[in-house]
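Before any comments, here is the structure.
The values are calculated or read from the model by the stated rules, or taken from the named source; none is laboratory data. The structure presented is a predicted model; accordingly, all values stated were derived computationally and were not measured. When we count neighbours, we look across all protein chains shown, and the Cβ atoms used for this are built from the backbone with ideal geometry, even at glycine. Accessible surface areas use protein heavy atoms only, side chains included; no ligands, DNA or RNA. Shrake-Rupley method; radii C 1.70, N 1.55, O 1.52, S 1.80 Å.
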Amino acid sequence: MDLDDDIAAAVGRAWTDTTPWEFITDLTALGGRMGASEGEARAADLVAAAFEEIGLDRVRRQPFDATEWRRGETTLRLTAPADRTFDAIALPYSPAGEASGELVDVGYGTPAEIDETDVDGKIAVASTTTPGDSRFVHRMEKFGTAAEAGAEAFVFVNHVPGQLPPTGSLTFGEEAAIPAVGVSAETGAWLTEYASEGGEADLSVDAETVQGESQNVLARTGPETDESVLVVAHYDGHDIAEGALDNGCGIATLLATARVLAAADPDIGVRFAAVGCEETGLLGSEHLAATTDLDGVKAVVNLDGAGRFRDLVAMTHTSEATAGVADRVSDETRHPIEVREEPHPFSDQWPFVRRGVPALQLHSDSGERGRGWGHTHADTRDKVDDRCIREHGALAALSIRELADESTEVPSLDEYELEAAFREADFEPGMKAAGLWPEDWA
C-alpha cells in the first residue's frame, strides 16, 4: 500500500490523537440523543463543529421530517400466581395502552419457536439473544412475528445480567401494533418461571408518537467529481443511556476517518454524512438515500459499530469488490479484519444496498453474542477504549482511499442476486413480519 507523505503523517497522528476521547466526552455529557429530540439536535451541533474544525468542505445541515417517540411511565405487574411488580421500560414505538394475559415463554423468540407456541391473546416473553447455531434474529423480527401470531403484548428479556432492561425500536418509523417492554435478565428469570406455572400479568405503557424534525450533518473532502464515496454513521442514541458505544464510538470513528482523509488526495470525492434517527428506523439514511443521486455513489461505507471493540469486522453485503478492499487493507497493514459477506437490513447501509449501491459496513466484535452493554443503561463512556476508535479510523480511511481510487472497480449490486442472498440467509419471513421486505421483491 503506497502512502504519500501527507496521508502517512495523518495516519501516524491518528494513533496518538486525543480528539476522539474529547468528542466522546462532550457527546456523552449531553445525555439522551433520541431521534428528533432536543438532545439529538445538540449532538448535531457537536458533529458540525467537529467537521468545521477538521477543515472539511461544504459543512451543512439536511433537515427532514421524522417520527419522534416519547417515553412515559411503564408498569408490569404479575397478577397470578402471586402479586408482584417488576421494573420494565417501554420499547420505542410501543403504543400507549394496557394489556392483560397469560405469560408465555417463547425462548429465544425465533420465528420457529413462536410458530410452535400458542401466543394468541397472551403476553410473549422472548430473550434478546439467539441460539449459537442460528443466524442472528433481530428484535424487530421477534416482535413482528409475535404480533402477527396474535400476541397481546411482548416482553423482551436481556440475556446480559446486571439489572439492565434493554431498549430498541420495534418498527421503522411508525407506531407498533401492540405494547412491548424490555426487562432485565433477573426479571426475565422470574417471568419465565411464572410462565411455566400459567402465570398472568398486567402491562401498562404510557408513550406518545408525534411528528418532529431531525437532521443529517453533511460535509465532503477531495475533488469535486461526478462520482464519490459516501461515508455514514449515526449520531443519535437511545434516551436511557449515554450512547457511548452505540453509536458514539461509530461517529467518533467517522470523525477520526475524516481527519486522516482530509490530508489525503483521493482520485474522487469523499462525502461524509452523520445521520439522525437511525435507532428509530433508519430515518436519516432513508432521507439521504432518497435525496442523493445514487448513480454518483461508487460505494457507501457505514461505520455503525466501528470503534467499540478491538477486532474489526467488514460486512460487505454481497459485494465482492468491497470484500476485496477489506482483505487488501487487512493484508497490507497486518491488522486483522474479518470479512462477512451476508447482508442484513438493520443499519444505515440498507437504504442504499436495496437500491443497488455496494456497501462496506465496518463494525467491531467483542466475541460475544448480542449487543452486550448496548441499548441499556450501562452504555456509558467508561466502556469506551479510544485506542479502538483511533485504529479503526485509520483503517477505515485506508479502505475508503482504496475505494476512491479510480483503478478500483466496484460494480453495482445485482437486484436479483441481492434478493436471493436475503432469502438464502432466511431473512424473508422475519423481514415480512417486521414490514421490511421490499415490495418489489417477489
Which condition number in (1) in a loop (DSSP other than H, G, I, E, B); (2) more than 18 Å from Arg371 (Cβ to Cβ); (3) acidic (Asp, Glu) is the one that Asp327 fails? (1)
Give the residues of the stretch 41-60 that are open to solvent by 10 Å² or more (accessible area, probe 1.4 Å) and closer than 18 Å to Trp21 by Cβ, sorted by residue number. Leu46, Ala49, Ala50, Glu53, Ile54
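Among the helices (runs of 4 or more DSSP H) contained in the stretch 385-442, which hold 2 or more residues that are farther than 23 Å from Ala323 by Cβ and open to solvent by 10 Å² or more (accessible area, probe 1.4 Å)?
386-403, 428-433
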Does at least one position in the stretch 38-53 carry a residue that is touching a residue at least 40 places away in the same chain (Cβ under 8 Å), touching a strand residue (DSSP E or B) at 6+ places or on another chain (Cβ under 9 Å) and assigned to a loop (DSSP other than H, G, I, E, B)? no
Give the residues of the stretch 401-442 that are closer than 14 Å to Thr316 by Cβ and among the aliphatic types (A, V, I, L, M), sorted by residue number. Leu403, Val410, Leu413, Leu418, Ala421, Ala425
Residue list for the stretch 1-37, filter: open to solvent by 70 Å² or more (accessible area, probe 1.4 Å), assigned to a helix (DSSP H, G or I) and closer than 30 Å to Glu332 by Cβ: Asp5, Asp6, Arg13, Trp21
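Kindly check whether there is at least one residue in the stretch 370-383 that is charged (D, E, K, R) and open to solvent by less than 20 Å² (accessible area, probe 1.4 Å).
Applying the first criterion (charged (D, E, K, R)) to the stretch 370-383 yields 371, 379, 381-383.
Subsequent filtering for residues that are open to solvent by less than 20 Å² (accessible area, probe 1.4 Å) retains 379.
Looking through the stretch 370-383, at least one residue is charged (D, E, K, R) and open to solvent by less than 20 Å² (accessible area, probe 1.4 Å).
Yes/no per residue for (1) among the acidic types (Asp, Glu); (2) touching a residue at least 40 places away in the same chain (Cβ under 8 Å); (3) open to solvent by less than 70 Å² (accessible area, probe 1.4 Å); (4) under 16 Å from Phe156 (Cα atoms):
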| position | (1), (2), (3), (4) |
| --- | --- |
| Thr67 | no, yes, yes, no |
| Leu76 | no, yes, yes, yes |
| Thr79 | no, yes, yes, no |
| Phe86 | no, yes, yes, yes |
| Ile89 | no, yes, yes, yes |
| Ser94 | no, yes, yes, yes |
| Gly97 | no, yes, yes, no |
| Val104 | no, yes, yes, yes |
| Tyr108 | no, no, no, yes |
Considering only the stretch 345-375, how many residues are of a type in the set (D, E, K, R) and either in contact with a Cys (Cβ under 6 Å, 6 or more places away or on another chain) or modelled with pLDDT of 95 or more (or both)? 3
Identify, from the list Glu391, Glu428, Glu424, the residue that is over 30 Å from Glu227 (Cβ atoms) and out of contact with any Phe, Trp or Tyr (no Cβ under 7 Å at 6 or more places or on another chain). Glu424
Residues (surrounded by fewer than 21 Cβ atoms within 10 Å (Cβ to Cβ) and not aromatic (Phe, Trp, Tyr)) located in the stretch 169-186: Gly173, Glu174, Glu175, Ala177, Ala185, Glu186
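Give me the residue from the stretch 120-138 that is touching a His at 6+ places or on another chain (Cβ under 7 Å) and part of a loop (DSSP other than H, G, I, E, B) and, out of that set, surrounded by the fewest Cβ atoms within 10 Å (Cβ to Cβ). Quick ask: steps written out before the conclusion?
So the first thing to find is which residues in the stretch 120-138 are touching a His at 6+ places or on another chain (Cβ under 7 Å), and the list is 127-129.
Add one more test, that the residue is part of a loop (DSSP other than H, G, I, E, B), and what stays is 128-129.
On the way: Thr128: 23, Thr129: 19.
Once the filter is applied, the top-ranked residue is Thr129.
The rows are residues; the columns are (1) open to solvent by less than 10 Å² (accessible area, probe 1.4 Å); (2) over 24 Å from Val160 (Cα atoms); (3) among the hydroxyl-bearing types (Ser, Thr, Tyr); (4) touching a His at 6+ places or on another chain (Cβ under 8 Å).
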{"position": "Asp311", "(1), (2), (3), (4)": "no, no, no, no"}
{"position": "Met315", "(1), (2), (3), (4)": "no, yes, no, yes"}
{"position": "Ala321", "(1), (2), (3), (4)": "no, yes, no, no"}
{"position": "Thr333", "(1), (2), (3), (4)": "no, yes, yes, no"}
{"position": "Val339", "(1), (2), (3), (4)": "no, yes, no, no"}
{"position": "Val357", "(1), (2), (3), (4)": "yes, yes, no, no"}
{"position": "Gln361", "(1), (2), (3), (4)": "yes, yes, no, yes"}
{"position": "Gly367", "(1), (2), (3), (4)": "no, no, no, no"}
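Going by what's in this entry, would His363 be described as over 18 Å from Ile7 (Cβ atoms) and not charged (D, E, K, R)?
On the way: over 18 Å from Ile7 (Cβ atoms): yes; not charged (D, E, K, R): yes.
Yes.
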Confirm whether Gly393 is in contact with a helix residue (DSSP H, G or I) (Cβ under 9 Å, 6 or more places away or on another chain), of a type in the set (Gly, Ala, Ser) and modelled with pLDDT of 95 or more. yes
When the residues of the stretch 190-208 are narrowed to those that are touching a Ser or Thr at 6+ places or on another chain (Cβ under 8 Å) and open to solvent by 40 Å² or more (accessible area, probe 1.4 Å), which ends up nearest to Gly97 (Cα to Cα)? Asp206
Would it be correct to say that Pro63 is modelled with pLDDT of 95 or more and buried (at least 23 other Cβ atoms within 10 Å of the Cβ)? no
